[in-house]
Amino acid sequence: MKLENKNILLGVTGGIAAYKSPGICSLLRKNNANIKVVMTKAATEFVTPLTFETMSSNLVYTEMFTKNRHTAEVEHIELAKWADIIVIAPASANTIAKISNGIADNLLTSIMLASRSPVIIVPSMNTYMLNNEATRKNLEILRNRGYIILGTAHDLLACMDIGDGKMLEPSEIVDEIDTALYKKDLEGKKVVVTAGPTVEPLDPVRYITNRSSGKTGYEIAKEAKKRGADVTLISGPTSIKPPKVDKMIKIKTTEELKNVVLENFDNCDILIQPAAPADFKPLDYSEEKIKKSKDENLKIEFTKNPDVAKLVGEKKTHQFTVGFAAESQNEIENATKKLESKNLDMIVLNNIKSETTGFASDDNIVTIISKDGKVENLPIMKKSEIAEKLIDKIIERI
Ligand SMILES: Cc1cc2nc3c(=O)[nH]c(=O)nc-3n(C[C@H](O)[C@H](O)[C@H](O)COP(=O)(O)O)c2cc1C
């Protein structure tokens, strides 16, 4: 996350979705951003400034011409200079029209004309207002000006029409703000990330799998995307929401993972492999459901799956490859052996003995070992923070 200590100016206009915007303030504040809110007059009909003052821990700006001025500053210029980024959420059709035409008839639109910061517009309106040629053209003008124009959700709207125009959720908006603040240091790079477990079927209803949740891989894919990379995410079955990437490929078995990774390997610059492919699969797949028998025990014979990381290591030309190791004894020594035998550039060693971290948890404790022998122990961190650190280390080395 890049929100810490950033100055974020939140513009709120007169749309029904204004009731959700205090949620944006709340999330930004949790991430230690500085927030100043500017409301249009129409916005104050929907939510009171007091709500935003409380949620942003700052006085709210609603007037261009205040009667009892306490400062000699020209507010619209100072606020424009203060902001590292401006976000208008919700952005009404009216304000979008004014900004696209350079009209500056209130504090928010005047700031927009004076600003040189990145801008995110979060439209929210009835479907017909959104699809109206005027609005579409106005949004196009703003897009061409370099503003980031977010999409809308398709849902039942406040006016009871069903269609496009619903404002994105505060968490999605905050994620976009965070993305916009990132340095695009992986721009032009193709990154392939594997994630999650594989499942190896026994019969039509049963399978063998492992406890990988896919969280680490999804966080790495998200981080690489925020840094501007072209990201392909190859994922085994998980129950978590996939991040926004350029290409998402779902696989089930280790054999499928191998095929998809090899297909995408030649053209990639960086391959990061936190997926936990099953090392073994049942030797015989039963076409019919295995019946309960009189025997107390059921014997299943397993056979080795392909070693994806090893195959990739053999094919490697220019790619930077990162593997993961889950070791329970002689951790550093075993992880280093794996790094060498699989021709990796870096390996991330997971602490699988800890009960509070690891597979399904949001936190983890890892050690990053590089080909040059450097060993870095990271303290307990969120998986999103580990993803950030790991991408930093990869960038240092490429
Ligand atoms: C109940 C109600 C809900 C409204 N919701 C929206 C909306 O979601 N989006 C929008 O563009 N306009 C909406 N409007 C119309 C705007 O409030 C109106 O165009 C206003 O002039 C916008 O002013 P502003 O852009 O200065 O905030 C709504 C109006 C009312 C009365």
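The values are calculated or read from the model by the stated rules, or taken from the named source; none is laboratory data. These figures come from a predicted structure and were not determined experimentally. Methodologically, a virtual Cβ is constructed for each residue, glycine included, from the backbone with ideal geometry; neighbour enumeration extends over all protein chains shown. With ligands, DNA and RNA removed, areas are computed over all heavy atoms of the protein, side chains included. Shrake-Rupley method; radii C 1.70, N 1.55, O 1.52, S 1.80 Å.
The table for this structure:
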read-out: Residue in the range 168-184 that is open to solvent by less than 10 Å² (accessible area, probe 1.4 Å), out of contact with any Pro (no Cβ under 9 Å at 6 or more places or on another chain) and not in a helix (DSSP H, G or I) present; value: no
read-out: Residue that is under 29 Å from Met129 (Cβ atoms) and either in contact with a His (Cβ under 8 Å, 6 or more places away or on another chain) or among the acidic types (Asp, Glu) (or both), where the choices are Ser110, Ser56, Ser26; value: Ser110
read-out: Matching residues, the range 252-279, being farther than 22 Å from Lys316 by Cα and hydrophobic (A, V, I, L, M, F, W, C); value: Ala278
read-out: Among (1) under 33 Å from the mean Cα position of the chain (by Cα); (2) within 17 Å of Val12 (Cβ to Cβ); (3) open to solvent by 20 Å² or more (accessible area, probe 1.4 Å) - the single one Asn106 does not satisfy; value: (1)
read-out: Residue count for the range 1-39, restricted to those that are in contact (Cβ under 8 Å) with a residue 60 or more places away in the chain and either of a type in the set (Phe, Trp, Tyr) or not in a loop (DSSP other than H, G, I, E, B) (or both); value: 18
read-out: Filter pass, Ala33 being among the small types (Gly, Ala, Ser) and more than 16 Å from the ligand (Cβ to nearest atom); value: yes
read-out: Selection status of Ser26, more than 16 Å from the ligand (Cβ to nearest atom) and either open to solvent by less than 30 Å² (accessible area, probe 1.4 Å) or of a type outside the set (A, V, I, L, M, F, W, C) (or both); value: yes
read-out: Residues (more than 16 Å from the ligand (Cβ to nearest atom) and either of a type in the set (A, V, I, L, M) or under 17 Å from Thr135 (Cβ atoms) (or both)) located in the range 162-180; value: Val174, Ile177, Ala180
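Listed here are the residues, each with its yes/no results for (1) under 23 Å from Ile272 (Cβ atoms); (2) surrounded by 17 or more Cβ atoms within 10 Å (Cβ to Cβ); (3) not assigned by TED's automatic domain parsing to the domain that holds Lys252.
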position: Glu288; (1), (2), (3): no, no, yes
position: Lys292; (1), (2), (3): no, no, yes
position: Ser341; (1), (2), (3): yes, no, no
position: Leu344; (1), (2), (3): yes, yes, no
position: Ile347; (1), (2), (3): yes, yes, no
position: Asp362; (1), (2), (3): yes, no, no
position: Ile365; (1), (2), (3): yes, yes, no
position: Lys371; (1), (2), (3): yes, no, no
